[in-house]
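Only the coordinates and a few stated rules stand behind these numbers; no lab work does. Everything quoted here is computed from the prediction, not taken from an experiment. Here Cβ is always computed from backbone atoms with ideal geometry, including for glycine, and neighbour counts include all displayed protein chains.
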Amino acid sequence: MAKKTKTQTDDIAAVEELMQDLESRLRRLNARTKADVSGGADDITDFVSQTLGRIAAQVRDTADAATDTLADKATDASTDMIKKIWEEMQRRPLTTLALAAAAGYLLGLVSKQDNPD
């Protein structure tokens, strides 16, 4: 299993904080609703709207951060791979040429089989 990064730990802590805040608000709302049933519906609607908005923003921010991290890692990996290929091409130009010729030959054979004349 992968280790949790500091960002993931921070995100988990933020979600836990939101959940504690939600629990606290629900307790207060429950107490107020018992005391004043007629005005409770508006309070509930406002509370639910605010809480859902905060949760949606937190989830959106977490997803954006994860996407950015993944994109950065993919870019770094592809850059490293291209550098390694380039270094091998410079170290062994004849081997690279032979591999390219073999790949071209094989692709030619495959394309002839796909297009019978």
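Across the range 6-114, Cα-Cα pairs more than 16 Å apart make up 76 percent of the total. Of the trypsin sites (Lys or Arg not before Pro) found in the range 58-116, not one falls in a DSSP loop while having at most 13 other beta-carbon atoms within 10 Å. The charge dipole of the range 6-114, taken about the Cα centre with unit charges on the Cβ atoms of Lys, Arg (+1) and Asp, Glu (-1), comes to about 440 debye, rounded to the nearest 20.
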